[in-house]
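For reference, the structure is listed below as structure tokens.
The values are calculated or read from the model by the stated rules, or taken from the named source; none is laboratory data. As the structure is a computational prediction, the values presented were derived from the model and not from experiment. Don't worry about glycine lacking a Cβ; one is built from the backbone with ideal geometry, like all the others, and counts go over all protein chains shown. The protein model used for the area step is the full one, side chains on, heavy atoms only, and it has no ligands, DNA or RNA in it. Shrake-Rupley method; radii C 1.70, N 1.55, O 1.52, S 1.80 Å.
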Protein chains: 2
Amino acid sequence: MKRTGPWIACAALGALAGALLAGPAARAQGTANNAASIPLAQAASNPDNWAMPSLNYAASRYSTLDQITAANASQLEPAWTFSTGVLRGHEGQPLVIGNVMYLVTPFPNTVFALDLNNDGRILWQYTPTQNPEVIPVMCCDTVNRGVAYGDGKIILHQADNTVVALDAATGKVAWSVQLASYKDGATGTEAPLVIGNKVIVGVSGGEFGVNGFVAALDISDGKTLWKAYSEGPDNMILFNSQTTSLGKPVGADSSLKTWKGDEWKIGGGDTWGWYSYDPKLNLLYYGSGNPSTWNPNQRPGDNKWSMTIFARDPDTGMAKWVYQMTPHDQWDYDGVNEMILADLTINGQQVPALVHFDRNGLAYVLNRATGALLAVHKYDPAVNWTTGVDMNPSSPNYGRPTVVQQYAPGSRGVNVNYTGICPAALGSKDEQPAAYDPETGLFYVPTNHVCMDYEPYPVAYTAGQPYVGATLSMYPGPGGYMGRFIAFDPVTGKTVWDIHDQFSDWGGALATSGGVVFYGTLKGYLRAVDAKTGKILYSFKTPSGIIGNVMTYMHDGKQYVAILSGVGGWAGIGLAAGLTDPHAGLGAVGGYAALKDYTTLGGQLTVFALPGS
Amino acid sequence: MKRTGPWIACAALGALAGALLAGPAARAQGTANNAASIPLAQAASNPDNWAMPSLNYAASRYSTLDQITAANASQLEPAWTFSTGVLRGHEGQPLVIGNVMYLVTPFPNTVFALDLNNDGRILWQYTPTQNPEVIPVMCCDTVNRGVAYGDGKIILHQADNTVVALDAATGKVAWSVQLASYKDGATGTEAPLVIGNKVIVGVSGGEFGVNGFVAALDISDGKTLWKAYSEGPDNMILFNSQTTSLGKPVGADSSLKTWKGDEWKIGGGDTWGWYSYDPKLNLLYYGSGNPSTWNPNQRPGDNKWSMTIFARDPDTGMAKWVYQMTPHDQWDYDGVNEMILADLTINGQQVPALVHFDRNGLAYVLNRATGALLAVHKYDPAVNWTTGVDMNPSSPNYGRPTVVQQYAPGSRGVNVNYTGICPAALGSKDEQPAAYDPETGLFYVPTNHVCMDYEPYPVAYTAGQPYVGATLSMYPGPGGYMGRFIAFDPVTGKTVWDIHDQFSDWGGALATSGGVVFYGTLKGYLRAVDAKTGKILYSFKTPSGIIGNVMTYMHDGKQYVAILSGVGGWAGIGLAAGLTDPHAGLGAVGGYAALKDYTTLGGQLTVFALPGS
């Protein structure tokens, strides 16, 4: 008849979490400290785990797990599910390390540690205290793309730009630092990346005039080791005389020269996408976003280094090479999508390649050691703003896209409606990451097939307020559909197969050694697809639309596949924020209005497996 | 490149919904009006449907569908899922009529019509406009126990006590009436019942001094045909000289005589449970709740007709018989739980029985034609507030429970802590309905095994404010667990088997002709159990804790089983409302505090089926 006090349960739980995470040695000692000591390299080298946001430093999202095959995937079924208790858009993916899964919700960014031995029992949860004033400062829903792991800590980049490290065993705060202020428009949405003793983090706020940066924080205490901006003088952007673009030194003041006056200070180039790392070259890769205001005529010049692929030394932050994909952006084609590091054979030569499917509809292949441009192809046939990139090294426009003026907002002045532009501002692909399967040699890319009308207008800057200056409408591309999931060869530009979807495919892909690729649809379907043929092997309607990224792990000798549902993100902003004006949500609401006939809000994890124990 | 306007999608949708609901005849005409014309009797007679909240008028929750059997239930798997977009407690169950599923969320009480031909595509949705001020007026979470169907309309009893009829084909409002005001503490949570041209509705507000009533509304226009209160003069409670209790006329002023002064006017007896109906006897059955304030010394007398089983003529509202189970309630043992109508063999005689598992821990068997008391047994061995009911017809206490004064709050005055009382205020069973399988002859009852300490104190009445007057603590019953799912014979009082659960079993049961019974747990598990042996055949962790009631239907020749997840209700009020004081939530928060280690908020439907198409 005695009451069970909650403190009893908590104490038991803490010990349990420690034991689970630590393995036998720590279980014997029973302390959280030891439990938390498994190094990231060790965790990541075990294919049973999913220890980094993109699975590995190469961001390949290719797992060597192979229990689920093209022959048996049709037998998949949900194994267990978990509600996050939070509505709005669930981008990103959980981590799995040992017997524990870690996931983070959209604002308020609750982090859960779930016990894989007990159908996702909650080992601990942590909800930061954040001012809800940050919500309207998030351009494209209150998303978060995942936590990172390292040094026994779970690293969370909160919406309000606080970065916090939680003890992985207990959820207790190890350290917490404020990187920038949402009051100035700077928010946090991306998944950090841990490299050695450094936590790499970026910033969101391209629609609020925030000068983007990447920072390296000391994982032991959160102190900033270096901070590299996207725009500004060389000592802010961490460029030196060795920094090259397309094989040539960029020279001094490479950014400042491409901006009018001080506009660079509110020039965007934010860094809210994915980070990759090549340990051998010791280079960190990421892309920068749009040059803030969507009225291009307000910011003449190339607006460097917005829309740029960066290769930096993670120890110093110094840029080794850069490549600007979309100089003087007129479409909001942020360059932040993932950089997949793959060793490809090109013209019979093995090349350390970087493959990037950009918002602008072009797939780029570069030599990631040198930044040399190897191939550029449209991966969405709808792309019409450019005829392609000038690949002639002796051309003055070498490496620049040839712009079709008809589809270039601003080219005929402002307050003009530029119609029929493809892709739309949210790009042929947005943050939803692709996967690379070295066995098929193909990239599996969830894409948007969406076009737009775009009317730029002058806008004044006020700190912390939207700094957009364009009205948009989005709508399905040719053929009347909005989503294509493609198997693509970026070297040849060949689409091997594609699957059309009514709405954008805004969920990230997973490739596996079983010959099965996975992705989720905005209607909420988790799909398993034959990597070779594109045949849909399995399809399950999860509770809400999927904008999360499929991941896989092995537990107790069984392969699981997990996906976060929770419609939202830019494509689902109408549902997520209750917007109805078709021009709202930066133009997305109209195009995706019919989503309400298929799904509604929710935040759930669904974990799949083959039948049997 | 044309945009698809949302109005185009909507127009197409309306036509589709009409076609789906109507069958060939209406499809030819294509009008929503004809589509909506399938009578309730016809819908309910088709075992493929689930056309009433409790499946049938008998409230047996026994389906004759038998594809899922004890032999194959272990192969069950989720077929599709649906997020409701609403957090907090999801009690109740969907309806299925033809190819359409109808479900309602907790506040704001969104109603969804889902297309069973398309994995739950949303045919229409309706969200009423309600003042959120109603939320704190809901004692035990913002729950709603289901919509009703009749006359081509879906009937919703909103939280704010508006009753609205929606065209089942289109979701358009046919009529809307305000029954009572939440400003006076009166809210709506129960599932209405349609009998002929009448909609039977009740009222919630026992903790706010609301005098309970049942009303019959004209299903064509919502006009009140009659209204019968639980307390007051005979013309308010609709009693006449033929109204009996235990076979004898109750006489004039049967209610008023049992109250001090005007206390009856704020005397509770609310009617938020389930309604049954016997078409042959033309009698409506339901129970009334607690006599408002939980300080019993403030309301001397039997407080009739709170805590009472009512049998009324649905045409006039006149009471045929009544039986008060817990006179002068000292524990909050509301009598609102479902009345299951079953023809039982008792002492060799076939009896038209009414079986009721009351909050007070006693299972009652009455002759539903006469109100004669046939059997009373404890169905939870923990029950200690009574030694049982006096079954001697010649005793002056015939039909009354013998109270154990040690466990009777108020018996030693107020501001005294009465400890170790079983069951707790939320009863050995609350609203979670039982199921009756005529093949096994057993009742399958989800129960609470919870005890309490109870300290009554004086409280003043203010309209619209809580009128409680007691501080409670709840905790597990003997054995340290809080839930028992039992197979019970109410005639003999024998428990044939039971399954213990850490937390209360707050999800309603389903019995099927396949020999499988189903229920859900607060941790979120949907379970299929062998009706004969109690063996758990299948268990699946749904996204959130289950307080909903399992239902089944047949679609395209395949049997499905569906359950709403969404932790909350009284048992889960700590999670649902973010309460942490262990005495909060009318005493429930402390006892259920450990729930946070297992589940979090969410509203989802999970639909199960056997593999294969």
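Structure data summary
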item: Hits in segment B:472-501 - residues which are surrounded by fewer than 17 Cβ atoms within 10 Å (Cβ to Cβ) and within 14 Å of chain A (Cβ to nearest Cβ); result: B:PRO478, B:GLY479, B:GLY480, B:TYR481
item: Selection status of A:ALA159, outside any strand (DSSP E or B), in contact with a Gly (Cβ under 7 Å, 6 or more places away or on another chain), under 30 Å from A:VAL589 (Cβ atoms) and of a type in the set (Gly, Ala, Ser); result: yes
item: Any hit, segment A:555-571, residues being more than 24 Å from the chain's Cα centre (by Cα), assigned to a loop (DSSP other than H, G, I, E, B) and more than 11 Å from every other protein chain (Cβ to nearest Cβ); result: yes
item: Flag for A:THR105 being of a type outside the set (A, V, I, L, M), within 12 Å of chain B (Cβ to nearest Cβ) and open to solvent by less than 20 Å² (accessible area, probe 1.4 Å); result: yes
item: Which listed residue, of A:ALA113, A:ALA174, is at pLDDT 95 or above, open to solvent by less than 10 Å² (accessible area, probe 1.4 Å) and of a type in the set (A, V, I, L, M); result: A:ALA113
item: From B:MET325, B:MET318, residue being open to solvent by less than 20 Å² (accessible area, probe 1.4 Å) and of a type outside the set (Val, Ile, Thr); result: B:MET325
item: Residue match in segment B:418-433 (condition: in contact with a Cys (Cβ under 7 Å, 6 or more places away or on another chain) and farther than 21 Å from B:GLY335 by Cβ); result: yes
item: Any hit, segment B:593-601, residues being basic (Lys, Arg), closer than 22 Å to A:THR105 by Cα and open to solvent by 10 Å² or more (accessible area, probe 1.4 Å); result: yes
item: Checklist (1) more than 30 Å from A:ALA460 (Cα to Cα); (2) open to solvent by less than 10 Å² (accessible area, probe 1.4 Å); (3) over 20 Å from the mean Cα position of the chain (by Cα) applied to A:TRP294, failing item; result: (1)
item: Sole residue being of a type outside the set (Lys, Arg), away from chain B (no Cβ under 14 Å) and under 26 Å from A:SER544 (Cα atoms), chosen from A:ALA168, A:ALA148; result: A:ALA148
item: Subset tally (residues that are surrounded by fewer than 24 Cβ atoms within 10 Å (Cβ to Cβ) and either touching a residue at least 24 places away in the same chain (Cβ under 8 Å) or closer than 30 Å to B:GLY524 by Cβ (or both)) for segment A:571-589; result: 5
item: Residue under evaluation B:PRO128, criteria (1) open to solvent by less than 20 Å² (accessible area, probe 1.4 Å); (2) within 14 Å of chain A (Cβ to nearest Cβ); (3) closer than 30 Å to B:GLN465 by Cβ; (4) not acidic (Asp, Glu), criterion not met; result: (2)
item: Residue in segment A:517-542 that is nearest to the other protein chains (Cβ to nearest Cβ), counting only those that are more than 17 Å from A:ALA594 (Cα to Cα) and in a loop (DSSP other than H, G, I, E, B); result: A:THR542
item: Which numbered condition A:GLU133 fails, given (1) open to solvent by 30 Å² or more (accessible area, probe 1.4 Å); (2) more than 14 Å from every other protein chain (Cβ to nearest Cβ); (3) closer than 26 Å to A:ILE97 by Cβ; result: (3)
item: Condition check for A:LYS227: closer than 30 Å to A:SER60 by Cα and open to solvent by 10 Å² or more (accessible area, probe 1.4 Å); result: yes
item: Subset of segment B:247-272 that is more than 25 Å from the chain's Cα centre (by Cα) and among the aliphatic types (A, V, I, L, M) - its residue that is least open to solvent (accessible area, probe 1.4 Å); result: B:VAL250
item: Condition check for B:ALA44: within 22 Å of the chain's Cα centre (by Cα), away from every other protein chain (no Cβ under 12 Å) and either part of a helix (DSSP H, G or I) or modelled with pLDDT under 95 (or both); result: yes
item: Output for segment B:391-413, where each listed residue is open to solvent by less than 70 Å² (accessible area, probe 1.4 Å) and either farther than 18 Å from B:LYS378 by Cα or touching a helix residue (DSSP H, G or I) at 6+ places or on another chain (Cβ under 9 Å) (or both); result: B:SER395, B:ALA408, B:PRO409, B:GLY410, B:SER411, B:GLY413
item: Pairs with Cβ under 7 Å, 6+ apart, first in segment A:221-236 and modelled with pLDDT of 95 or more, second of a type in the set (Gly, Ala, Ser) and open to solvent by 50 Å² or more (accessible area, probe 1.4 Å); result: A:GLY222/A:SER176; A:ASP234/A:ALA252
item: Criterion violated by A:ILE546 - all others in (1) within 13 Å of chain B (Cβ to nearest Cβ); (2) assigned to a strand (DSSP E or B); (3) open to solvent by less than 10 Å² (accessible area, probe 1.4 Å) satisfied; result: (2)
item: Selection from segment A:572-613 of residues that are in a helix (DSSP H, G or I), at the interface with chain B (Cβ under 7 Å from one of its Cβ atoms) and aliphatic (A, V, I, L, M); result: A:ALA593, A:ALA594
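Here is a yes/no grid of residues against (1) under 21 Å from A:PHE213 (Cβ atoms); (2) free of Cβ contacts under 8 Å to residues at least 60 places away in the same chain; (3) among the acidic types (Asp, Glu):
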residue	(1), (2), (3)
A:ASN303	yes, no, no
A:THR308	yes, no, no
A:TRP331	no, no, no
A:ASP358	yes, no, yes
A:LEU373	no, no, no
A:HIS377	no, no, no
A:VAL383	no, yes, no
A:THR387	no, yes, no
A:TYR398	no, no, no
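Results for (1) of a type in the set (Gly, Ala, Ser); (2) open to solvent by less than 10 Å² (accessible area, probe 1.4 Å); (3) over 24 Å from B:ASN49 (Cα atoms), shown as yes or no for each residue.
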| residue | (1), (2), (3) |
| --- | --- |
| B:THR521 | no, yes, yes |
| B:TYR553 | no, yes, no |
| B:GLY557 | yes, no, no |
| B:ALA562 | yes, yes, no |
